[in-house]
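J.: Submitted below is the structure of interest, expressed as C-alpha cells.
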Amino acid sequence: MIADRYTRQTLVKEFGQKGQELLATKHVIVIGGGGLGSHSANLLVRIGVGSIDIIDDDIVDITNLHRTSVFSEQDVGQLKALILQEKLQTVNTKVRVKGINKKVTNENIWPLVQHADVIIDGTDSISLRVLINDVSIQHDIPWVYAGVYETVGMVMGILPKKTSCFQCITQDIPKSTAQEIPVFGSLPATIAAIQCNEAIKLLLGKQPAGLLIYDVWNQCFDIMDIQRNPYCPRCGIKSK
Ligand SMILES: [Zn+2]
C-alpha cells in the first residue's frame, strides 16, 4: 500500500522504500500552524511521516491568507490547529494528524513534545524558539529552526550538543521591533519546503548542513557552516 502511494518518492535512490518505511515510524511535532508551520505540516503529511502533531492557540485571520496555502476564507475565525487537523487528515489518512489548540509555555513544552523524533519551528517568536532549544538540548530532540523576515528566510537543522544550537546563532538572526513582522507572501512556502527537507533528513539520520539563508528578492542562497560556540549559554562546554 505504501509503495503505491509513494511510488515516485521511493524511486529516489537517496530515499527509497527503506526511507519511506522508516518515515512511517516517526513522530514530528510542529509548533506553530501559521505561514511556516502550516506549509511544513502539509508537506510532512503528504510525504508520509507517521504521526504529526500541530500545536497552535491562534485563530485563522484574513491577514494570514497571503502566506499560507491550506487555509481559505471560510476558515477565518476558526482555530488553526483544528482546521489543520481536519484538512490535512483528508490529504493522507495513513498519517495520524493531531491538532492541539494550546499555547506552548515553559511549563507544558516537555509533555507536549516528549514523543517527538523531530520538532518543527513554525513560530515567529524568539522566546518560543529559546524554549524549543532548551527542551531540545535537555532531552536530546533534534529540531529545525526556520524564520522569515521581509524577503529573507533562514533554516537550520539542529542536533543538540552535536551542531550549533539556536543560542549559538542568535547574533546572526535579525531582530525586529515591529508589531507585525513584514513577510513577502510566497517566502514562507519556500522556507517551509526547505525546513521540511531538513526534517526528513534528520529523521533518516543525515547530518544537518548549517544555517541556510535565502533572499528571495535578490535570488541568493548562502549556507553558513556555523561552529558550536564553546561559550554558548545553552550548549557551550565552557558555559558553566
Ligand atoms: Zn549553543
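Bear in mind that the values in this text are calculations on the coordinates, not laboratory data. This is a predicted model, so every value here is computed, not measured. Here Cβ is always computed from backbone atoms with ideal geometry, including for glycine, and neighbour counts include all displayed protein chains.
J.: Which value, in debye to the nearest 20, gives the size of the charge dipole of the stretch 1-84 about its Cα centre, when Lys and Arg are +1 and Asp and Glu are -1 at the Cβ?
T.: Charge dipole of the stretch 1-84: 520 debye, to the nearest 20.
J.: Efficiency by 1/(1 + (r/R0)^6): what FRET value for GLN179 and GLN74, r their Cβ-Cβ distance, R0 = 30 Å, to the nearest 0.05?
T.: Rounded to the nearest 0.05, the efficiency is 0.65.
J.: Follow-up. Can you list, largest first and rounded to whole Å, the semi-axes you get for the stretch 110-215 by taking the square root of 5 times each eigenvalue of its Cα gyration tensor?
T.: In descending order, the three semi-axes are 22, 16, 12 Å.
J.: Mind listing the phi-derived Karplus ³J(HN,Hα) values for the stretch 141-154, rounded to whole Hz, using 6.51, -1.76 and 1.60 with θ = phi - 60°, and x for any glycine or proline?
T.: Karplus-based 3J(HN,Hα) across the stretch 141-154 equals 10, x, 8, 10, 6, 8, x, 10, 8, 6, 10, 10, x, 9 Hz.
J.: Given an 8 Å cut-off on Cα distances and at least 6 residues of separation, report the relative contact order of the chain as a percent.
T.: Value for the chain: 18 percent.
J.: If you scale each eigenvalue of the Cα gyration tensor by 5 and take the root, what three semi-axes come out for the chain, rounded to whole angstrom and sorted largest first?
T.: Result for the chain: semi-axes of 25, 22, 18 Å.
J.: Going down the table (LYS103/LYS206; LYS94/LYS161; LYS87/LYS201; LYS26/LYS162), which pairs top 27 Å between alpha carbons?
T.: Flagged as over cut-off: LYS103/LYS206; LYS94/LYS161.
J.: On to the next question. HN-Hα J couplings of the stretch 63-74 from phi, Karplus 6.51/-1.76/1.60, θ = phi - 60°, integer Hz, Gly and Pro as x?
T.: Each residue's phi maps through the Karplus curve to give 6, 7, 5, 5, 10, 10, 10, 8, 7, 10, 4, 5 Hz.
J.: Right, something else. When only Cα pairs under 8 Å and 6 or more residues apart are kept, what is the percent relative contact order across the stretch 117-235?
T.: Once divided by the residue count of the stretch 117-235, the mean separation gives 29 percent.
J.: Anyone know which of GLY77, GLY32, GLY19 comes out most mobile in the 10 Å Cα GNM of the chain?
T.: GLY77
J.: LYS98's amide H: which non-local residues (gap 5+, or another chain) put their own amide H closer than 5 Å, with H modeled 1.01 Å from N in plane and none for Pro or chain starts?
T.: It is ILE52, ASP53, ILE54, by chain and number.
J.: While we're on this one: Report, largest value first, the span of the C-alpha coordinates of the stretch 30-118 along each principal axis, in whole Å.
T.: Dimensions of the stretch 30-118 along the principal axes of its Cα atoms: 34, 30, 17 Å.
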